[in-house]
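Below you'll find the structure, written out as structure tokens, and then a few comments.
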């Protein structure tokens, strides 16, 4: 697992960061772009690029929101989500799923596995930011 | 003359309509013109693969040749009625319908055939998109790189300055991703072009091996004559993985041929009925060997079509020889109700089941299967099991005589909704 906000952000800015997102994605440049966007929005961003131990990493990290790629080395995002939802206290954790496959049945499969929002690649930055804001707002209200 | 003895005359009639010379059609289906002449004059009975090949060469359904146009039309209408959902057709009046409105009846039958053909196309494409590992990873690579470029470019295009360190990093990332995108797009287009040009989808070594065996008619005379496996040229196989797999399959073929030589097997074959278990008893050879041997006989000994599937204990398909009417998915994830998998639950027990595949025309098949342990070379080592299933099409006159077990191809294209073995929803369930 790699670090949080970049040193490019002022100390006081980082100090007020309390919301944490865990980004599980094996494409480093997508990770970098999303990390930049969310950090700028005030999120603390942790990243992970492996599927095999992703569930353990989520449990240990206790994020406010997870962004999860479907095709990951070792274990698919779909299986990670299913296993996660089985765990106590993880049924309502907001999970935004990113995938290269946007067919209806993939969407249905993700919904069945317990996804909060499903987004197909290539997505726009606005879509990601809006989804993260919405999901966090819904979780805060609920 | 009885209806089914006129098959030869119908072949002749259809050949003339198609404007083909006897020699052309004979060459097309791999028989001599004199043999075709005997068939056309109803002096040789015809069935099995040869009938299917001739029907295919003449672009007609096999039943059109064996039963005539009206019977074929009525059969097609019955199939259309059976496949309809939430609608009850007056099947007891199908003869009257076909007789009074032959044009409309033909339109209906043709439309039903077209739907079947489109479903098979969807099945193939869906199977490919889902299971072709090369295609799936190539598409993922292209779309992920595009996502990275889009996201990074949007950050750089935003009004206002960003830190020089971030800007330089994003510029570098875009350059890297653009290079990767160009490379992965070229590779993907090359792969698709190659597949289209060859009219098949040999994306993985196993498919190359299957294409290689199909090109040889699943029969290797030199091995039957006692020559080494090395005598079979494997140059047509592109990858070393495919050549390795082919060599292993051929080594098993050679061992089977030594255990049950062609001559000994031919002496035990009966014209009208094939009973693999009796063959095993009479020849003293194990049941699995008999199943594999029956699937690799030349047409002169086995005029009917045969299919074969081999799998390991995980259910992964190791080898397939397809048979018309019985859909075999290209990669894994087959219907767990196949006798092939039932056999894994009861190792060493020969299994026979009559099955009908859901979502297909109402064809039935006799499936023979057995699972057996591979040779163990160490004490206390767990044996590795394999399973084989021979698929024999049932003559249409026998359809419905036994209670056929309903099986599928794979869940994704199986219409059976209340199946205890279902793993995932069917893409055909929404009335496709």
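Quick note: the coordinates plus some simple rules give every number you see, no bench work behind them. This structure is a prediction, so every number in the text was calculated from the model and none was measured. Cβ placement follows ideal geometry from the backbone for every residue including glycine, while neighbour counts extend to all protein chains displayed.
How high is the FRET efficiency from residue A:138 to residue B:316, r the C-beta distance, R0 30 Å, rounded to 0.05?
After rounding to 0.05, the efficiency reads 0.10.
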Out of B:352, B:386, B:14, a Gaussian network model of chain B with alpha-carbon springs under 10 Å gives the largest mean-square fluctuation to B:14
Within 10 Å of each Cβ in peptide B:134-143, how many partner chain Cβ atoms are there on average? Round it to a whole number, please.
3
Where Rh is the Kirkwood radius over Cα pairs, Rg/Rh for segment A:17-142:
0.92
Percentage relative contact order, chain A, counting C-alpha pairs under 8 Å, at least six apart:
21
Listing B:104, B:166 from the residue with the fewest other Cβ atoms within 10 Å to the one with the most, what is the order?
B:104, B:166
When the chain is fully extended, how far beyond the present Cα-Cα distance does residue B:78 get from residue B:258, taking 0.36 nm per residue of separation?
60.1 nm
Could you list B:328, A:93 so that the one with the fewest beta carbons within 10 Å of its beta carbon is first and the one with the most is last?
B:328, A:93
With just the Cα atoms defining each centre, how far is segment B:296-326 from segment B:341-395? Give it in Å.
11
By how many nm would the segment from residue B:171 to residue B:240 lengthen if fully extended, with 0.36 nm per residue of separation less the alpha-carbon distance?
20.8 nm
I want to check the label-to-label distance for residue B:406 and residue A:105. Put each point 7 Å from Cα in the C-beta direction and report it in nm to one decimal.
1.9
Evaluate the relative contact order of segment B:3-126 (contact order divided by residue number), counting alpha-carbon pairs under 8 angstrom at least 6 apart; express in whole percent.
22
If R0 is 30 Å, what FRET efficiency do you get for residue B:43 and residue B:399 from their C-beta distance, rounded to 0.05?
0.60
Can you give the % of DSSP beta bridges in chain B that are antiparallel, to the nearest 5?
90
To the nearest 0.05, what FRET efficiency results for residue A:53 and residue B:186 with a Förster distance of 35 Å applied to their C-beta separation?
0.50
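Residue A:130 to residue A:91: extension gain in nm, 0.36 nm per residue of separation minus the Cα-Cα distance?
11.8 nm is the gain from fully extending residue A:130 to residue A:91.
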When you take every Cα atom in chain B, what is the radius of gyration, and what is Dmax, the widest Cα pair distance, in Å?
26.1, 92
Which whole number of Å³ per residue matches the convex hull of the alpha-carbon atoms in segment B:3-126?
127
Among beta bridges that DSSP assigns inside the protein assembly as shown, antiparallel share in %, nearest 5
55
Please arrange B:25, B:297, B:402 by how many other C-beta atoms lie within 10 Å of their C-beta, fewest to most.
B:402, B:297, B:25
When chain B is treated as a Gaussian network with springs between alpha carbons less than 10 Å apart, the largest mean-square fluctuation among B:399, B:170, B:213 is found at B:170
For helix B:7-18, report the angle its Cα long axis makes with the longest principal axis of the Cα atoms of chain B; keep it between 0 and 90° and round to the nearest 10°.
50
Relative contact order (%) - criterion: Cα under 8 Å, at least six apart; region: chain B:
10
Measuring from the longest principal axis of the C-alpha atoms of chain B, the long axis of helix B:102-131 (C-alpha) lies at a number of degrees, nearest 10, equal to 40
Add -39500 (n - 2.57) for each DSSP H run of 4 or more in chain A, then divide by its residues: what number comes out at 222 nm, to the nearest 500 deg cm²/dmol?
-13000 deg cm²/dmol
If you find the alpha carbon centre of segment A:41-82 and of segment B:223-287, how far apart are they in angstrom?
50
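To the nearest whole number, what is the average tally of beta carbon atoms from other chains within 10 Å of the beta carbons of peptide B:280-293?
Across B:280-293, the average partner-chain Cβ count within 10 Å equals 0.
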Name the most mobile residue of B:114, B:320, B:401, meaning the one with the largest mean-square fluctuation, in a Gaussian network model of chain B with Cα contacts below 10 Å.
B:401
Give the Debye-formula value of log10 I(q)/I(0) at each listed q (0.09, 0.10 Å⁻¹), with one equal scatterer per alpha carbon of the protein assembly as shown, two decimals each.
-0.87, -1.00
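By DSSP, what percent of the beta bridges with both residues in chain A are antiparallel, rounded to the nearest 5? Please list the in-between numbers first.
On the way: 1 of 18 bridges.
About 5 percent, rounded to the nearest 5.
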To the nearest 10 degrees, the tilt of helix B:240-259 (Cα long axis) against the first principal axis of the alpha carbons of chain B is 30
What shape does segment B:300-432 have by the C-alpha gyration tensor, where a ≥ b ≥ c are the square roots of the eigenvalues, rounded means a/c under 1.5, and otherwise prolate means a/b greater than b/c and oblate the rest?
oblate
So what is the calculated 222 nm ellipticity per residue for chain B, using -39500 (n - 2.57) for each DSSP H run with n of 4 or more, over all residues, to the nearest 500 deg cm²/dmol?
-16000 deg cm²/dmol
